[in-house]
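Report on the following structure.
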Amino acid sequence: KSAKASTPSLQRKQPADPKRTATCSPRAMRNKLRSMQKKIDEGDVVAMYSLGCCYALGDGVPQDREKALHYYMLSAEKGNKNAQYAAAACYSYGKGTEVDKNKAFQLYLQAAEQGHPKAQFAVGHFYEYGQGGAEKDHDIAKEWYRKAAEQGHPAAMKFLEECPSEEQNLESEE
């Protein structure tokens, strides 16, 4: 046996969660966070969103969903569609805040109008079930599902495949 194999301290330790591995050293992560904060101070919306993601996942910082939502909202208010979607999900599922379907719908709609496919699907869902202040409207829901499907959203494509067309609806009514 080699010295390396028999010496436990020299063996590579497995991460606590095998799905998540550290992307950089602690020093590099501190530098990355410092750089992100500087960019945030300069108004960089992508950095705001990225720091929100770090807090949401506990990547380089302690996991804190309230801080994640704070940074998502900073970016969302400046028009970042990814941050709008992430903040909407927080409000929709009560991550870092109380559930607020109305606020979630508003944020999903902002992101959807900018072409975010997951947000488009979510807006379709809100219309399909009449949630978050959206009046139940199958036709509007289908239009949002169609927009998401055109961008390759799998659940939207499946919904449209299973949803009868207007022609089929007319034939069944006759």
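Just the residues that are outside any helix (DSSP H, G or I), touching a helix residue (DSSP H, G or I) at 6+ places or on another chain (Cβ under 6 Å) and under 15 Å from His153 (Cβ atoms), please, taken from segment 115-141. Even if it seems obvious, please write down each step before you answer.
Our first condition is that a residue be outside any helix (DSSP H, G or I); within segment 115-141, this holds for 115-116, 130-137.
Still in the list and also touching a helix residue (DSSP H, G or I) at 6+ places or on another chain (Cβ under 6 Å): 116, 131-134, 137.
Scanning segment 115-141 gives a single hit, His116.
Name, by its number, the condition in (1) touching a Pro at 6+ places or on another chain (Cβ under 7 Å); (2) within 21 Å of Tyr49 (Cα to Cα) that does not hold for His153.
Condition not satisfied by His153: (2).
Considering only segment 71-96, state which residues are assigned to a loop (DSSP other than H, G, I, E, B) and free of Cβ contacts under 8 Å to residues at least 24 places away in the same chain. Lay out the reasoning, then the answer.
Start the filter on segment 71-96 by keeping residues that are assigned to a loop (DSSP other than H, G, I, E, B), which leaves 77-80, 94-96.
Once the filter is applied, which keeps residues that are assigned to a loop (DSSP other than H, G, I, E, B) and free of Cβ contacts under 8 Å to residues at least 24 places away in the same chain, segment 71-96 yields Glu77, Gly94.
Looking for whichever is buried (at least 22 other Cβ atoms within 10 Å of the Cβ), closer than 17 Å to Ala88 by Cα and over 16 Å from the mean Cα position of the chain (by Cα) here; the options are Tyr145, Tyr127. Which one fits? Break it down into steps so the answer makes sense when it comes.
Working: Tyr145 fails: closer than 17 Å to Ala88 by Cα.
Checking each option against the conditions leaves just Tyr127.
Going by the structure shown, is Gly60 at pLDDT 95 or above, out of contact with any His (no Cβ under 9 Å at 6 or more places or on another chain), more than 19 Å from Ala111 (Cβ to Cβ) and open to solvent by less than 60 Å² (accessible area, probe 1.4 Å)?
Values: at pLDDT 95 or above: no; out of contact with any His (no Cβ under 9 Å at 6 or more places or on another chain): yes; more than 19 Å from Ala111 (Cβ to Cβ): yes; open to solvent by less than 60 Å² (accessible area, probe 1.4 Å): yes.
Against the criterion (at pLDDT 95 or above, out of contact with any His (no Cβ under 9 Å at 6 or more places or on another chain), more than 19 Å from Ala111 (Cβ to Cβ) and open to solvent by less than 60 Å² (accessible area, probe 1.4 Å)), Gly60 does not qualify.
Restricting the first residue to segment 157-170 and requiring it to be assigned to a helix (DSSP H, G or I), which pairs with a second residue that is modelled with pLDDT of 90 or more and open to solvent by 50 Å² or more (accessible area, probe 1.4 Å) meet a Cβ separation below 7 Å and a spacing of at least six or different chains?
So the pair list comes out as Leu160/Arg146.
Being open to solvent by less than 60 Å² (accessible area, probe 1.4 Å), within 30 Å of Arg34 (Cβ to Cβ) and over 17 Å from the mean Cα position of the chain (by Cα), is that true of even one residue in segment 72-85?
no
The values are calculated or read from the model by the stated rules, or taken from the named source; none is laboratory data. Remember, predicted model here, so these are calculated numbers, not experimental data. All Cβ positions, even for glycine, are placed from backbone atoms using ideal geometry, and neighbour counts span all protein chains on display. When the accessible area is computed, the model is the full protein with side chains, heavy atoms only, and any ligands, DNA or RNA have been set aside. Shrake-Rupley method; radii C 1.70, N 1.55, O 1.52, S 1.80 Å.
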